[in-house]
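Peer 1: The structure under discussion is supplied below as structure tokens; questions concerning it will follow.
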Protein chains: 2
Amino acid sequence: MRKLLYPGAAELAAALERPSAGNREIDLKVREILSAVKGGGDAALRAFSERFDGFAVTSLRVEAADIEQAEREVTPALKKAIQSAASNIEKFHLAAIRSAGDNRTIPEVTVTAPGVRCWYRDSPIEKVGLYIPGGTAPLFSTVLMLGIPARLAGCRDILMCTPPGSDGKINPLILYAAKVAGVNAIFRAGGAQAIAAMAYGTESIPAVYKIFGPGNRYVTRAKELVQLEGTAIDMPAGPSELMVIAGRTAIPAFVAADLLSQAEHGTDSQVIMLTDSRQMITLVEKETELQLAILPRKDIAAQSLGNSSMILLESEDKCIETANRYAPEHLIIATPDPMRAAEQVTSAGSVFLGNFSSESTGDYMTGPNHTLPTGGFARSFSGVTLGSFMKRIFFQEVTAEGIQTIGPDTVLMAEAEMLRAHAAAVSVRLKYIDDEKN
Amino acid sequence: MRKLLYPGAAELAAALERPSAGNREIDLKVREILSAVKGGGDAALRAFSERFDGFAVTSLRVEAADIEQAEREVTPALKKAIQSAASNIEKFHLAAIRSAGDNRTIPEVTVTAPGVRCWYRDSPIEKVGLYIPGGTAPLFSTVLMLGIPARLAGCRDILMCTPPGSDGKINPLILYAAKVAGVNAIFRAGGAQAIAAMAYGTESIPAVYKIFGPGNRYVTRAKELVQLEGTAIDMPAGPSELMVIAGRTAIPAFVAADLLSQAEHGTDSQVIMLTDSRQMITLVEKETELQLAILPRKDIAAQSLGNSSMILLESEDKCIETANRYAPEHLIIATPDPMRAAEQVTSAGSVFLGNFSSESTGDYMTGPNHTLPTGGFARSFSGVTLGSFMKRIFFQEVTAEGIQTIGPDTVLMAEAEMLRAHAAAVSVRLKYIDDEKN
């Protein structure tokens, strides 16, 4: 990790640059895959699976018997852990409904003008698709984080694509988590081709209206491209990030462990420590070295530490200001008064307060969603919420009284915008009311 | 307008197809413009303005004196209309805060497990940019629809770009509406180049985090492209649409006027009438001919009627089902019991109930936002709300008790996902607590 002591503005800005990735070659490959699936359907999916997953898939759809078998393979301790995680995730997402009023069913009417009643209703997105990567790390936690709010929102069709291993199997934890979350249908398909299948539909896999979930650069690019063609996506995706504000009360061994936990995600992950204590840099550096040496993924972690910095700043306020500018996906605040600092946070995906809040608890167990904006998108994007699985529909009822109240101003404004037919649609009604009166 | 009487499934699906637009040539031009502005800043903007707007802009920023001058030029009647519209828009958007609880400031804490406190806060997007097209129809109503929720959400910098006319002037109604809405800074820039300026920043125009607003295909494509590079956008945009469900109680002259009001937007607009009354088709067709003949924009309206259909279906329920499948931007329900029908709507941008609710009242005066999802995106997207100008930040505080509650399950799950450093970040804390005890 680079160490910066009281950097100037330019030096600080450079340290906060995110590693960028070229996309040209990926783009061409992804476009080919999308168009192959659009034209070839299931057959194209099978061919890609043989090529990329090393397995010739016969049945794309996972059967109930496969899920039952998976359930038998998961240990009781992991089942209990998954159920606890599911329960915490449910509690957090349901709190948003409770606090916001249940706009799914009970509209609150606003009379904006006499005879003009307006309201809205949050309606579930009927068909959603979840993508869960395969590979060495089976992200069953993400199945919970996406499947549970989809179910709570009331989505009718919740389908999931995940690639099989070279033995044709899907990790049983992923299947069990899908059952707990309430996923309706699971398909053996991975990579950009799975995104294409959910966007366009194939013989086996129905098209959905919105696609969620993490993935490598091919998956991410595929999501961006299908969005341009009409399928919504959860959010732009990028490498995982962690920023830690370590005040003088932070515990160096904890900070080091947190930095390493994020660094192990991939070689392009970025971790940054901000502190107002010079000593903290020395202590965390030492702890990081000690802990890195015994990590199984130490090669990955060591590489991503190369993208990373420990930065000494003048004050805690300066640390928070810098965090807001960077807008990290994850922000740990380990300062003497973390609640005070929390109030000043204006841009971050998910914030962890105090010495005992490790970022990894948020990946699994605390309850808030772990699908979060990266790459500075926390300036404008939220993590996944119930709202991500719904859309708001506006309603308005204008009565005969109402059109007389707001009609004349509507005519005036429509004419000023040179939209005469807009004005005429009001005038014809006003005239009708006049004629009725006489 | 085509007339379809009890169409079969395939015929109905074909009638509901949206006109599609080729994008290849536009794409290349827009990429050139984006890169010119990225490299050339203000100078590039000036050159484009001379070329596209026919005016050599000297000062990009609109000065206070220009706004004062505009205010003098707006008639008292239009001022009053704009203020009434602003008040209705405010009422509707504020109702969402009232009904949802003010999550901007008062977090409601959920204890998801003993020692684990979670909450969220909706925080304004600090810098937003509004794009308002120029041309023959000065869309000052859109200034209100975007500027007011931006201000209510608490966005710090609300800037607006709009092209000057060939006389260098911006329509005074646009400037006056910007003042009423609370826009902080206005710039003379239009088209794809204005989108580039707000995405990348220039010497005069600061970069923003999210761009809102309608535009032609160049503007739309520019928004899509800058989104891939890190600037959020309000929603995918397309030609305007209206669907009317005209039951036997609908008034043919009103329906015709509504169809024409949407058809005048542009030659690519689409209007569709669904009905369960054969007679209604004859009556509306006759009224449409009569009213079309006297419209100033009759050429445009006549062309977009060419994309449009009147469809006779078996029942009102079948009409609503068809509307949900089409997911129109605007849906008028003029049936004997519109409230009953409203409850069955699952996908639409904005819904207008009863004979007196013309769609054009919603464009200006009713209160709900008129920036709405087109092209079927109402299946997954909402219109613009206060939430469009905010992002939700998650918070969690795990105490020493909390890490003991959720720590062991976190370790188990992290290890099952092969993320050992994630587990270690918890273990180091559990060990610390153990050591403290002994």
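The values are calculated or read from the model by the stated rules, or taken from the named source; none is laboratory data. Here the structure is a predicted model, which is why all the values come from computation and not from measurement. Cβ sites come from the backbone with ideal geometry, for glycine too, and all protein chains shown count toward neighbours. Accessible surface areas use protein heavy atoms only, side chains included; no ligands, DNA or RNA. Shrake-Rupley method; radii C 1.70, N 1.55, O 1.52, S 1.80 Å.
Peer 1: Residue B:154 passes all but one of (1) within 23 Å of residue B:122 (Cβ to Cβ); (2) open to solvent by less than 20 Å² (accessible area, probe 1.4 Å); which number fails?
Peer 2: Residue B:154 satisfies every listed condition except (2).
Peer 1: Can you spot a residue in the stretch B:239-251 that is open to solvent by less than 20 Å² (accessible area, probe 1.4 Å) and in a helix (DSSP H, G or I)?
Peer 2: No: the stretch B:239-251 contains no residue that is open to solvent by less than 20 Å² (accessible area, probe 1.4 Å) and in a helix (DSSP H, G or I).
Peer 1: For residue B:389, work out the one condition from (1) out of contact with any Lys or Arg (no Cβ under 9 Å at 6 or more places or on another chain); (2) more than 7 Å from chain A (Cβ to nearest Cβ) it doesn't fulfil.
Peer 2: (1)
Peer 1: On the given criteria, is residue A:428 in a helix (DSSP H, G or I) and among the hydrophobic types (A, V, I, L, M, F, W, C)? It would help to see each step written out before you state the result.
Peer 2: Values: in a helix (DSSP H, G or I): yes; among the hydrophobic types (A, V, I, L, M, F, W, C): yes.
Yes.
Peer 1: Now, a different point. Can you confirm whether the stretch B:293-315 contains a residue that is closer than 14 Å to residue B:246 by Cα, within 26 Å of the chain's Cα centre (by Cα) and assigned to a helix (DSSP H, G or I)?
Peer 2: no
Peer 1: Something else now. Just checking, does the stretch A:329-336 include any residue being in contact with a strand residue (DSSP E or B) (Cβ under 6 Å, 6 or more places away or on another chain), of a type in the set (Gly, Ala, Ser) and either at the interface with chain B (Cβ under 7 Å from one of its Cβ atoms) or part of a strand (DSSP E or B) (or both)?
Peer 2: Checked against the condition, which is being in contact with a strand residue (DSSP E or B) (Cβ under 6 Å, 6 or more places away or on another chain), of a type in the set (Gly, Ala, Ser) and either at the interface with chain B (Cβ under 7 Å from one of its Cβ atoms) or part of a strand (DSSP E or B) (or both), the stretch A:329-336 yields at least one hit.
Peer 1: Would you check if there is a residue in the stretch B:291-308 being more than 9 Å from chain A (Cβ to nearest Cβ), at pLDDT 95 or above and surrounded by fewer than 22 Cβ atoms within 10 Å (Cβ to Cβ)?
Peer 2: no
Peer 1: Between B:425, B:378, B:414, which is closer than 30 Å to residue A:413 by Cα, outside the structural domain of residue B:142 (by TED's automatic domain parsing) and modelled with pLDDT of 95 or more?
Peer 2: Values: B:425 fails: closer than 30 Å to residue A:413 by Cα; B:414 fails: closer than 30 Å to residue A:413 by Cα.
So the residue among B:425, B:378, B:414 that is closer than 30 Å to residue A:413 by Cα, outside the structural domain of residue B:142 (by TED's automatic domain parsing) and modelled with pLDDT of 95 or more is B:378.
Peer 1: List every residue pair whose Cβ atoms lie under 7 Å apart, where the two residues are 6 or more positions apart in sequence or sit on different chains, the first residue falls within the stretch A:255-267 and is under 10 Å from residue B:425 (Cα atoms) and at the interface with chain B (Cβ under 7 Å from one of its Cβ atoms), and the second residue, located anywhere, is charged (D, E, K, R) and part of a helix (DSSP H, G or I).
Peer 2: If the second residue must be charged (D, E, K, R) and part of a helix (DSSP H, G or I), the pairs left are A:258/A:359; A:261/A:359.
Peer 1: Is it the case that some residue within the stretch B:186-202 is among the basic types (Lys, Arg), surrounded by 22 or more Cβ atoms within 10 Å (Cβ to Cβ) and either within 11 Å of another protein chain (Cβ to nearest Cβ) or within 18 Å of residue B:371 (Cα to Cα) (or both)? Steps first, answer last, please.
Peer 2: Start the filter on the stretch B:186-202 by keeping residues that are among the basic types (Lys, Arg), which leaves B:188.
Still in the running and surrounded by 22 or more Cβ atoms within 10 Å (Cβ to Cβ): B:188.
Then keep just the ones that are either within 11 Å of another protein chain (Cβ to nearest Cβ) or within 18 Å of residue B:371 (Cα to Cα) (or both); that gives none.
No, the stretch B:186-202 contains no residue that is among the basic types (Lys, Arg), surrounded by 22 or more Cβ atoms within 10 Å (Cβ to Cβ) and either within 11 Å of another protein chain (Cβ to nearest Cβ) or within 18 Å of residue B:371 (Cα to Cα) (or both).
Peer 1: Specify the residue that is farthest from the other protein chains (Cβ to nearest Cβ); the eligible residues are those in the stretch A:268-290 that are at pLDDT 95 or above and not in a helix (DSSP H, G or I).
Peer 2: Ranking the candidates gives A:276 first.
Peer 1: Something else: Which of the residues spanning the stretch B:309-328 are within 14 Å of chain A (Cβ to nearest Cβ), on the phi < 0 side of the Ramachandran plot and of a type in the set (A, V, I, L, M, F, W, C)? Steps first, answer last, please.
Peer 2: Applying the first criterion (within 14 Å of chain A (Cβ to nearest Cβ)) to the stretch B:309-328 yields B:320-321, B:323-328.
Next cut, on the phi < 0 side of the Ramachandran plot only: B:320-321, B:323-326, B:328.
The answer is B:320, B:323.
Peer 1: Can I ask one more? Here is a list of conditions, (1) over 26 Å from residue B:155 (Cα atoms); (2) within 11 Å of chain A (Cβ to nearest Cβ); (3) without any contact (Cβ under 8 Å) to a residue 60 or more places away in the chain, and residue B:229 meets all of them except one; can you say which number that is?
Peer 2: Tallying (1) over 26 Å from residue B:155 (Cα atoms); (2) within 11 Å of chain A (Cβ to nearest Cβ); (3) without any contact (Cβ under 8 Å) to a residue 60 or more places away in the chain, residue B:229 fails exactly one: (1).
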